[in-house]
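What follows is a short report on a single structure.
Derivation of every value follows stated rules applied to the coordinates shown; laboratory data play no part. Predicted, not measured: the structure shown is a model, and the values here were computed from it. Ideal geometry is used to build each Cβ from the backbone, glycine not excepted, and the neighbour counts take in all protein chains shown.
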Amino acid sequence: RFRYLLLLLWLLHGTDSFYVPGVAPINFRRNDPVEIKAVKLTSSRTQLPYEYYSLPFCQPGKITYKAENLGEVLRGDRIVNTPFQVSMNVEKTCEVLCNLPNKAVTLTVEQSKLIAERIREDYYVHLIADNLPVATRLEFYSNREEEEKKKEKDVQFEHGYRLGFMDGNKFYLHNHLSFILYYHREDVEESQEPTYRVVRFEVIPQSIKLEDLKADEKSMCTLPEATGSAPQEIDPTKENQLLFTYSVHWEESDIKWASRWDTYLTMSDVQIHWFSIINSVVVVFFLSGILSMIIIRTLRKDIANYNKEDDIEDTMEESGWKLVHGDVFRPPQYPMILSSLLGSGIQLFCMILIVIFVAMLGMLSPSSRGALMTTACFLFMFMGVFGGFFAGRLYRTLKGHRWKKGAFCTATLYPGVVFGICFVLNCFIWGKHSSGAVPFPTMVALLCMWFGISLPLVYLGYYFGFRKQPYDNPVRTNQIPRQIPEQRWYMNKFVGILMAGILPFGAMFIELFFIFSAIWENQFYYLFGFLFLVFIILVVSCSQISIVMVYFQLCQDYRWWWRTFLVSGGSAFYVMIYAIFYFVNKLDIVEFIPSLLYFGYTALMVLSFWLLTGTIGFYAAYMFVRKIYAAVKID
């Protein structure tokens with residue numbers, strides 16, 4: 001027992017640090033080269049990443065691309081070497097980047113047009129040094145008192161650096177980069193040479209006109225005084241001449257290697273998170289308490305009434321949910337499609353639960369790029385066993401016989417829709433020559449994973465699920481279905497969806513804002529502890545709402561299978577509304593293809609979310625229905 005306690009303490013302690021498995025610190029000695037690589041260009045206005053050399057930047061003698069994992073390819077990262085020569089703890093005041101000393105780079109009209117276009121679209125350049133992304137420091141005064149203003153500035157970091165800026169209708173390119181690298185000196189014995197580790201990578205981009213950058217034969221240059229220099233304009237109608245230059249400055253830092261990512265991950269809104277979590281927990285448990293009390297009291301009353309045998313004449317007149325006992329377990333229409341969707345929902349549920357839990361333990365830190373995406377893809381494939389098992393068992397319970405067709409449907413219905421939408425969107429991204437387009441070999445690899453891993457596993461799970469004893473329904477189904485009375489207006493499916501979606505959506509919408517910002521505005525998301533709590537709250541609230549809705553429905557109508565699945569996923573409707581609100585209010589997207597990408601990927605998120613919440617609600621309602629009908633005596 002003591003051993004397990006120690007292990008648990010170690011795991012909890014490990015959630016704060018970023019010693020990620022597979023990512024070891026690199027020790028540099030003085031003068032050791034520190035390689036600076038480029039990742040991609042991104043813009044939240046177009047949502048189309050481009051690789052670094054899609055623009056006419058200075059190139060090294062030999063361009064080599066880093067071998068990438070699945071997640072990096074899907075994100076549009078194309079990590080490549082650059083000609084920046086940076087050595088550990090060696091200062092550089094100003095150096096010309098391209099190989100030709102003091103000879104200006106000439107941009108053709110086409111290249112100038114392209115650079116101006118990218119500046120207009122608000123593109124950022126992302127570089128990395130020792131796997132640490134570059135950041136631009138933003139300093140501003142917060143709304144504090146006047147006296148404090150003079151003393152303290154708030155510092156925030158922007159990921160990457162802006163390619164350039166606009167002033168009126170003129171375009172200016174950031175052609176000089178001042179790198180500021182921070183190192184942490186490691187403790188070594190006196191006789192040994194000191195070793196350093198890179199702990200922060202900042203850049204100050206500047207635009208300096210060719211005439212103001214005085215370059216000599218040795219590729220050295222002198223920077224002008226800050227006040228007197230003019231920026232480097234890019235005129236898209238003619239050829240432009242300019243110099244690409246950079247400087248390097250090193251500073252010692254107290255930040256340890258293990259916490260070097262904290263700068264990038266410090267969200268300025270942790271209080272908002274705690275506030276929203278506490279708010280959600282209070283609301284959900286308050287409502288849960290009320291709902292549980294009402295349902296339990298009503299059920300006890302119902303069951304006590306139904307089980308009274310004193311007055312036989314009264315018992316003949318059945319009312320409420322006991323009335324439909326002979327039809328409540330009558331198989332619905334399209335049982336194969338229902339069980340297939342629920343199988344995919346189980347697959348998603350297992351994948352999301354494991355991914356969030358593993359990420360919460362600090363194993364999917366942003367320093368291992370693309371790890372989250374890769375893990376999610378592989379887990380979805382392997383969770384096919386569980387999806388198939390639950391789908392097969394439910395299909396047998398619903399009196400289905402064609403198990404092979406059912407298994408094929410489970411393995412292809414939801415993944416097929418996802419693949420179809422992604423393929424269509426990918427064609428548009430290909431047309432734009434963006435690095436966000438999934439290359440053809442990767443697409444073939446994904447198809448092989450789908451048909452080579454996921455499909456056989458779903459079949460395996462389905463086979464065992466179908467062979468297993470079906471779920472035990474406590475009451476027999478009558479031969480002749482009973483007539484359904486005319487429904488009241490509030491029993492309408494759409495009204496049910498609106499009512500059922502509010503509580504789960506209210507419990508998670510603040511977290512949704514941060515997730516959207518991470519996806520669409522190139523932020524890092526690393527609050528998986530919060531996300532795990534929100535996920536649990538979501539499961540609890542979906543289950544409760546589903547039980548309440550099915551209880552009200554069974555008092556009039558026995559056709560609850562499909563309806564529960566649809567209504568429990570009601571929060572997905574609110575997620576869709578929120579996504580439209582976010583697009584209109586927060587994003588600055590105007591063009592057709594970025595809008596199409598946004599709504600295409602959002603449709604996939606909404607569909608997945610509906611499957612997930614619908615499945616949670618369905619299984620909660622199914623367990624509830626079996627429990628209440630097992631508690632009443634039926635002749």
Of Lys37/Lys256; Lys40/Lys92; Lys404/Lys633; Lys62/Lys209, which ones are farther than 32 Å apart at the Cα? Lys404/Lys633
Mean Cβ neighbour count within 10 Å, used as a protection proxy, ranking 583-589, 116-122 highest first: 116-122, 583-589
Cysteines having no other Cys beta carbon under 4.7 Å from their own, within the chain: Cys350, Cys377, Cys409, Cys422, Cys427, Cys448, Cys542, Cys555
FRET efficiency (Tyr471, Arg120; Cβ distance; R0 41 Å; to 0.05) is 0.10
How far is helix 403-431 tilted off the main Cα axis of the chain, in degrees rounded to 10, range 0 to 90? 30
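Given Cβ point charges of +1 (Lys, Arg) and -1 (Asp, Glu) and nothing else, what value in debye, to the nearest 20, does the dipole of the chain about its Cα centre take?
Values: 59 positive and 59 negative charges, 585 e Å.
Roughly 2800 debye, rounded to the nearest 20.
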Low-density loop cleavage sites - trypsin sites (Lys or Arg not before Pro) in region 359-421, where at most 13 other Cβ are within 10 Å (DSSP): Lys399, Arg402
By average C-beta atoms within 10 angstrom, highest first, the peptides 461-467, 617-623: 617-623, 461-467
Between Phe552 and His401, what FRET efficiency comes out of the Förster formula 1/(1 + (r/R0)^6) with R0 = 30 Å and r the beta carbon distance, rounded to 0.05? 0.35
How many angstrom lie between the C-alpha centres of region 185-228 and region 290-306? 73
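Quick one: which of 352-365, 546-559, 280-293 comes out on top by average Cβ neighbours within 10 Å, and what's the full order, highest first?
Ranked by mean Cβ neighbours within 10 Å, highest first: 546-559, 352-365, 280-293.
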Subtracting the Cα-Cα distance from 0.36 nm times the residue separation, let me have the gained length for Asp216 to Cys98 in nm, one decimal. 41.2 nm
So which GluC sites (Glu not before Pro) in region 479-543 end up in coil per DSSP with only 15 or fewer other C-beta atoms within 10 Å? Glu486, Glu521
